[in-house]
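What follows is a set of notes on a single structure, which appears directly below.
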Amino acid sequence: MAEEKEGASNISNVIPINIEDEMRGAYIDYSMSVIVSRALPDVRDGLKPVHRRVLYGMLDLGVNYNKPYKKSARIVGEVLGKYHPHGDSSVYDTMVRMAQNWSLRYTLVDGQGNFGSIDGDSPAAMRYTEARLRRTAEELLSDINKDTVDFQPNFDDSLTEPTVLPGKIPNLLINGSSGIAVGMATNMAPHNLTEVVEGIVAYIDNREITILELMKYITAPDFPTGGIIYGTSGVHEAFLTGRGRIVVRAKAEIVVNATGKDQIIVTEVPYMVNKAMMIEKTAALVNEKKIEGISDIRDESDRDGYRVVYDLKRDAIPNVVLNNLFKYTQLQSSFGVNNVALVKGRPRILNLKDMIVHFVDHRHEVVIRRTTYDLAEAEKRAHILEGYLIALDNLDAVITLIRESKDVEIAKAGLIISFSLSEIQAKAILEMRLQRLTGLEREKIQNEYNEVMALIARLKEILGDESIRMGIIKDELAEIKERYGDARRTLVVHSDDDITMEDMIANEEMVITLSNQGYIKRTLLSEYRTQGRGGVGSKGVSTKEDDFTEQLFIAHAHNYLLIFTALGKVYWKKAYEIPEGNKVSKGRAIQNLLNIESGDSVRAILNIKDLKDEEYINNNFVILCTERGTIKKTSLEAYSRPRTNGINAITINIQQVLNSSSL
């Protein structure tokens with residue numbers, strides 16, 4: 001009977017659950033855990049939890065930049081035991097990467113021993129290597145003990161760990177990040193610290209600054225391995241949208257050696273390219289005859305730098321060989337930018353300005369919390385100093401009261417009652433050393449009190465004025481720039497795709513003429529010279545006997561021309577696309593330039609300076625009026641997307657157009 005009752009009780013505790021709902025809920029929980037707690041960096045300090053724990057654990061262990069190195073195994077054990085309950089390889093691999101100067105633009109760990117190589121060699125085991133923090137990492141951890149960031153319990157609730165680091169340096173921008181989460185990934189490029197600081201300062205000075213204006217300061221990513229960014233379109237797209245494809249080429253030079261043979265010498269490679277593997281694959285392509293003209297490949301890299309030499313055959317054309325290397329090998333690779341980071345615990349795609357805004361907001365909060373902490377500490381010290389001064393002003397009475405008291409508690413109570421002191425002040429007076437009763441010591445206490453009161457006033461001023469706080473952020477960034485700033489390593493060159501026809505045409509003033517029969521041309525305004533006094537003029541336009549000039553206006557070569565027709569359609573042409581002619585030429589039939597329907601004709605041409613300026617196109621309008629009195633007003637924005645075959649600008653009765661002029 002007892003067994004039956006126990007079995008019935010167990011059955012009653014079973015709750016039936018739909019397996020689809022359970023799998024869905026469990027997978028969502030797992031994916032969110034990966035996104036928030038493992039794979040994506042925080043936008044404020046640019047660190048994932050494992051990076052943050054390694055740096056904080058090293059600070060906790062006392063391996064500062066000016067202290068002796070400690071065994072990596074000791075550091076890994078400290079981080080595992082206190083903050084990161086996962087495999088030791090995850091912690092050690094993280095620490096190793098933060099010490100590799102070809103992986104991070106500004107390394108955060110100072111490693112001693114074999115920490116791997118750009119050829120993909122594995123680092124030595126953690127029992128053989130040593131490490132300590134770099135000074136840049138200590139800038140990330142600066143003021144962490146001043147209540148500048150929130151702390152959370154560690155995995156077993158025995159300790160607390162920071163949810164984010166104060167981050168005096170803009171780590172996310174200067175070092176980037178990469179990671180694969182569930183359903184999303186991040187791949188953020190590193191940038192030059194000097195440029196980033198200048199861009200942040202420009203944003204602080206002008207909160208309405210545009211991304212294009214920021215790009216005057218932050219020109220492009222700056223990779224730790226150098227190389228050349230080939231083309232700027234991908235950079236612009238990445239800065240504007242948070243996503244883009246940046247083409248990176250190796251730094252290669254064509255030279256002639258002592259024997260007169262041509263060589264290609266590579267001294268820098270694209271970011272994250274394994275040099276040894278690249279050479280191996282190139283050799284295979286040469287053997288397969290996919291790349292011709294190379295007789296030998298040598299890796300002459302050493303401690304002083306990177307150097308790969310390609311010996312060319314005598315009949316080879318160096319530029320052709322180099323272009324084939326760019327095409328078929330990793331001498332040219334692409335970096336896919338995907339700026340995904342956690343903003344208030346949620347993944348977001350960030351453009352250049354977004355990352356700067358969130359960093360400045362974080363530093364602003366840190367300055368407020370640090371100043372509040374310093375103010376509280378200063379007020380505590382001022383309170384004690386006030387007690388000392390009261391005691392020194394009533395020294396004899398204080399000494400007599402203490403001597404006549406039976407114990408410390410009675411003496412403390414007597415001081416509180418007799419001199420209106422707080423318990424803290426009374427305790428401090430009782431703990432005061434006798435040497436502080438001298439006249440010189442009293443002067444020191446008074447001076448310290450004056451300094452503390454001045455500090456309190458300054459801290460209150462900081463808390464009350466945002467402009468002062470922003471000035472502090474700028475001063476700290478200037479100090480960071482002075483201490484760690486360096487020159488760019490990655491060059492930026494324009495690719496063929498970046499150069500358009502428009503870039504090769506001077507934006508000169510043109511005279512555009514359209515005849516009644518549809519002949520159009522452009523002529524340089526400079527051809528129409530100024531007439532002297534008493535002049536008889538010169539021939540300005542030549543037309544057929546039964547034709548005449550219907551429209552004439554001045555436009556710059558890069559201006560847009562909106563061409564409206566009798567059937568209510570609108571076409572686009574750049575002014576420089578109009579055939580050029582001299583003053584006496586009749587021009588070219590406009591039907592040969594546009595896809596105008598049979599029986600249609602041009603009725604109006606509008607000269608527009610720019611169709612990409614949002615403020616301009618949203619605040620200017622086109623007014624259309626037909627012969628029968630239909631009138632229409634349309635924002636210029638509606639005409640800002642050119643189409644080869646034109647678009648309908650207004651609906652027209654076609655039969656009436658055929659019979660008479662309608663627009």
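Going from the fewest other Cβ atoms within 10 Å to the most, the residues Phe239, Phe419 appear in the order Phe419, Phe239. Evaluating 6.51 cos²θ - 1.76 cosθ + 1.60 at θ = phi - 60° for every residue in segment 590-604, the Karplus couplings come out as 5, 5, 7, 9, 10, 7, 7, 5, 4, x, 8, 8, 7, 10, 7 Hz, glycine and proline recorded as x.
Per the Debye calculation on segment 358-411 with a single equal scatterer at every Cα and no solvent contribution, log₁₀ I(q)/I(0) for q = 0.21, 0.26 Å⁻¹ amounts to -0.83, -0.95. Near Ile294, the amide H atoms lying under 5 Å from its own belong to Lys313; only residues 5 or more places off or on other chains count, and H is placed 1.01 Å from N. Under the convention that each Lys and Arg Cβ holds +1 and each Asp and Glu Cβ holds -1, the size of the dipole of the chain around its Cα centre is about 1660 debye. For the cross-link pairs Lys48/Lys70; Lys71/Lys146; Lys380/Lys460, the ones whose C-alpha atoms lie over 21 Å apart are Lys48/Lys70; Lys71/Lys146. Between segment 407-433 and segment 564-606, the C-alpha centres lie 98 angstrom from each other. A Stokes-Einstein calculation at 4 °C with viscosity 1.567 mPa s, built on the Kirkwood radius of segment 48-163 over Cα pairs, returns a diffusion coefficient of 90 µm²/s.
Of the residues Ala202, Tyr328, Val452, the one whose Cα sits farthest toward the positive end of the charge dipole of the chain, with +1 on the Cβ of Lys and Arg and -1 on the Cβ of Asp and Glu, is Tyr328.
Helix 395-404 and the long axis of the chain differ in direction by around 50°, with both axes built from C-alpha atoms. Rounded to the nearest 10 degrees, the inclination of helix 408-419 to the longest alpha-carbon principal axis of the chain is 60 degrees.
Between Gly25, His51, Pro68, the Cα set farthest toward the positive side of the dipole of segment 17-81 (charges on each charged residue's Cβ, about the Cα centre) is that of Pro68.
In the structure displayed, which of Lys289/Lys327; Lys67/Lys275; Lys609/Lys632; Lys569/Lys612 lie more than 26 Å apart, Cα to Cα? The pairs that break the limit, which is 26 Å between Cα atoms, are Lys67/Lys275. Overall, segment 251-330 carries a charge dipole of about 200 debye about its Cα centre when +1 sits on the Cβ of Lys and Arg and -1 on the Cβ of Asp and Glu, all other atoms neutral.
Cross-link partners for Lys216 among the lysines, with Cα-Cα distance under 17 Å and sequence neighbours closer than 8 places in the same chain left out: Lys353. With Cα atoms as the point set, the radius of gyration and Dmax of the chain evaluate to 37.2, 131 Å. Rounded to the nearest whole Hz, the Karplus-based 3J(HN,Hα) values (6.51 cos²θ - 1.76 cosθ + 1.60, θ = phi - 60°) of segment 606-617 follow the sequence 9, 9, 10, 6, 8, 10, 10, 7, 4, 4, 5, 6, with x at glycine and proline. Mean separation of Cα pairs under 8 Å and 6 or more residues apart, divided by the residue count, gives the chain a relative contact order of 11 percent. Name the residue farthest towards the positive end of the dipole of the chain from the options Asn620, Tyr576, Ile218, assuming +1 on Cβ of Lys and Arg, -1 on Cβ of Asp and Glu, about the Cα centre. It is Tyr576. Remark on Phe553: its backbone amide H falls under 5 Å from those of Ile512, a criterion applied only to residues 5 or more positions apart or on other chains, H modelled at 1.01 Å from N. Take 588-599, 259-270 and order them by the average number of nearby Cβ atoms within 10 Å per residue, most first; the result is 259-270, 588-599.
Run the reach check for Lys583 against aspartates and glutamates, Cα to Cα strictly under 12 Å, same-chain hits fewer than 8 apart removed. What comes back? Cα-Cα hits under 12 Å: Glu527.
Dividing the radius of gyration of the alpha carbons in segment 251-330 by their Kirkwood radius gives 0.93 for Rg/Rh. Kirkwood analysis of segment 357-484, using all unique Cα-Cα pairs, places the hydrodynamic radius at 17.3 Å. Counting only alpha carbon atoms, the long axis of helix 275-287 and the longest principal axis of the chain meet at about 30°. Along segment 457-471 the Karplus relation, 6.51 cos²θ - 1.76 cosθ + 1.60 evaluated at θ = phi - 60°, assigns HN-Hα couplings of 5, 5, 5, 5, 5, 4, 5, x, 9, 5, 5, 5, 5, 5, x Hz to successive residues, with x for each Gly and Pro.
Each reported figure results from applying straightforward, stated rules to the coordinates on display, with no laboratory input. All figures in this text were calculated on a predicted structure; none of them were measured in a lab. Positions of Cβ are generated from backbone atoms using ideal geometry, with glycine treated the same way; all protein chains shown enter the neighbour counts.
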